[in-house]
Amino acid sequence: MSDKKDHYAIGKKNPNLPFHPAVRAGDFIFVSGQVAKDADGNMIDGTIEEETRATILAIERILAEEGATLDDVVRACTYLQDTRDFGRYNKVFAEHFKNAVLARTTVEARAVISTKIEIDAIAYKPLPK
């Protein structure tokens, strides 16, 4: 990683979308909004718990490309299709971010694709010297 620039894309870019799954800028990793997809990129249509878990695992896979984990996340923003799902989503979120010290926002919003949840995140993982 030390041979890379301080600002570069992470992950495989969808050729139909004008952004990358994540961008490293110095010691920060900015993860674009992720939805419930498996490791092969297939959408998962399930309960709010299943979609939350799959969404967080998608973030985890992206962070792993830079040697980061969920413990490195310092900021997360969650978009829920239905705020009545908050308690169930929050329980799964807490299970995955046990050791993270993070700021978080959760809002109700309808995504441009059919999903119950979308999460973007910022992680702090210093570049190797």
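If you check K37 against the conditions, is it among the basic types (K, R), touching a residue at least 60 places away in the same chain (Cβ under 8 Å) and surrounded by 12 or more Cβ atoms within 10 Å (Cβ to Cβ)? So K37 fails the test. Search the range 98-108 for residues being surrounded by fewer than 12 Cβ atoms within 10 Å (Cβ to Cβ) and not hydroxyl-bearing (S, T, Y), and hand back the single one that is modelled with the lowest pLDDT. Step by step, filter the range 98-108, then rank; the result is N99. With respect to being of a type in the set (A, V, I, L, M, F, W, C) and at pLDDT below 95, V112 fits the description.
Those residues that are part of a loop (DSSP other than H, G, I, E, B) and either without any contact (Cβ under 8 Å) to a residue 24 or more places away in the chain or crowded, with 17+ Cβ neighbours inside 10 Å (or both), I need them from the range 73-97; list them, please. Working first, answer last.
Residues of the range 73-97 that are part of a loop (DSSP other than H, G, I, E, B), as a first pass: 81-82, 97.
Answer for the range 73-97, where residues must be part of a loop (DSSP other than H, G, I, E, B) and either without any contact (Cβ under 8 Å) to a residue 24 or more places away in the chain or crowded, with 17+ Cβ neighbours inside 10 Å (or both): Q81, F97.
Checking each residue in the range 17-32 for being in contact with a helix residue (DSSP H, G or I) (Cβ under 9 Å, 6 or more places away or on another chain) and assigned to a strand (DSSP E or B) picks out A22, I29, V31, S32.
Taking (1) of a type in the set (D, E); (2) closer than 22 Å to K12 by Cβ; (3) without any contact (Cβ under 8 Å) to a residue 12 or more places away in the chain in turn, E51 satisfies each apart from (3). Within the range 39-72, the set of residues being assigned to a loop (DSSP other than H, G, I, E, B) and farther than 19 Å from K116 by Cα comprises D40, E65, E66, G67, A68, T69.
The values are calculated or read from the model by the stated rules, or taken from the named source; none is laboratory data. A quick note: this is a predicted structure, and the numbers were derived from the prediction, not measured. Note that each Cβ is placed from the backbone with ideal geometry, even for glycine, and that neighbours are counted across all protein chains shown.
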